[in-house]
Amino acid sequence: MFEKYKPTIIILSVIALIAAGIVNYVKDLMDEPQEAAPEYLQVKAPTEKILHSQKIKDEQGNDIVKYLYASETEVPAKTITADNQEIQEDISKRTKNAQFFKKRGLHSPEGLWSQDADTQEGSTASLRSDYGADGEKDDGAVAASDSEKEVWVGRFYAGEPFYKDAAENKWYQTETATTTAEEFSRQTKPNFLAKLKAFFNMNALADTGSYYAGAGDGSIEHTSSQVWDTTHNAALGTAAYQNISNVYVGCVGNWPGVLNYTISRGFFPIDTSGIADDATITSALLKVYVVAKTNTQNDGNDWLNVVQTSQNSPTTLALADYDNCGAVHSAIEGATRIDLGDIATAAYNSWILNATGIGWISKTGTTLLGLREGHDILDIQVGTAAQANRIQAIMSEDTSETKDPYLEVTYTVPAAPAKFRFDGGQMKIKGKVKFE
């Protein structure tokens, strides 16, 4: 019975919805027009471009809304330089927070045949083809032996800076912004058209699922009386800095206007689950953009290094995370130290992870890295005569789109099986090979 009248029911429902919309529209016209919000409170994107929102506290403890939205800035395939090679991103592998670049060497980009760089001239063991068994162009790896590897460089960013519009098949930069909870609710209140789309399950953006809960990067700071151990050994921070574009990392002793010891510890949780399960990581760099530094106690302990954090959530920071930035005393160092005198400003600085640091990289979830200054790691008191050793580092909230912290990982994965090889002086071919 229901199936018989189903089309009629749908038509009547649509008519009722349109009628209700017309009534509401007329009511809106009769109401006094609402004043526009001040520019700093205006929501920066139409409702259909907002991917996620969450209530947070501002520095004064007030409720505000932080939201992630898809900007109009398209992010095409990127080209990087690695080992003097220009490598174009394989955009088909891009994720919400990662880009992938395959190094050349397994087959030549310039022709059908090539030799490995470390193979002697005349050797026949490394000849390869870019063409598959069906005679068509094969963009996958072609190896001379099953034991050879593909070499990839992955760039994994804090937060989720990329959004794919499935309808357009294009990637766009995401951005974050905040406004008051009241203004967010008022400005994103669904209108008649939005309700109609929702009725028919017509989402403007296709991928609005579990998208973004926060980047979780920033710093936790503790400032206390002029007792070093009180500041260094505290379980709780006195201030948490997240959802802002840059933070301090380092130590301050009686700096003008501070009058107390201050230690700031940096946190960089980065989703690295895009690394293949069968990958072998060969090297990694933590890249942090530094905008400014202070280095007034050049005593040999004025350096920064990477530690492994254990923050309670990879998507947010809390005061209780202050003592979760590596061990409070003698934290294990996961990279090569960089002296503050060698830190470049207005530029990226690269901490080269050692074997221990590489072992901290997760292939299935979030890699939890932090930065601490040498006096903090070694528990050596900084001077009290206006001494400061710290950097000002860019976090994922920066809107320039070119300074976000990221982890660059080089790794190998098993290559595709060889389509042909030399065996005992004879060339064995599997399938068809096209020659030009």
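Quick rundown of the values:
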| read-out | value |
| --- | --- |
| Estimated FRET transfer efficiency (Thr238, Thr8; beta-carbon r; R0 41 Å; 0.05) | 0.05 |
| Separation of alpha-carbon centers, the stretch 61-86 and the stretch 326-352, rounded to whole Å | 24 |
| Cα-centred dipole magnitude for the stretch 263-378, charges only on beta-carbon of K, R (+1) and D, E (-1), debye, nearest 20 | 160 |
| Residues whose placed amide H lies under 5 Å from that of Thr367, excluding near-sequence neighbours | Ile270, Asp271, Thr272, Ser362 |
| Ranked by how many other beta carbons lie within 10 Å on average, peptides 155-162, 373-380 from highest | 155-162, 373-380 |
| Neighbour net charge for Gln242 - beta-carbon separation under 9 angstrom, K R +1, D E -1 | -2 |
| Above-threshold pairs, the threshold being 19 Å between Cα atoms, out of Lys78/Lys287; Lys66/Lys189; Lys49/Lys93; Lys55/Lys363 | Lys49/Lys93; Lys55/Lys363 |
| Theoretical gain in end-to-end length, Thr282 to Thr230 [0.36 nm per residue, Cα-Cα removed] | 14.7 nm |
| Order of Ile343, Ile11 - criterion: other Cβ atoms within 10 Å of each residue's Cβ, fewest first | Ile11, Ile343 |
| Cα-based convex hull volume of the stretch 218-395 per residue, rounded to whole Å³ | 105 |
| Under 5 Å, built H, 5+ apart or other chain: amide partners of Gln85 | none |
| Principal axis box of the stretch 328-413, alpha-carbon based, largest edge first, Å | 52, 34, 21 |
| 13 Å beta-carbon shell around Ile270, net charge (K/R +1, D/E -1) | -1 |
| Inter-site label distance for Thr399 and Ala82 at 7 Å from Cα along Cβ, in nm | 3.2 |
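Every number here is computed from the coordinates shown, using simple stated rules; none is lab data. Bear in mind the structure is a predicted one, so any value in this text is a computation, not a measurement. Glycine gets a Cβ as well: all are built from the backbone with ideal geometry, and neighbour counts include every protein chain shown.
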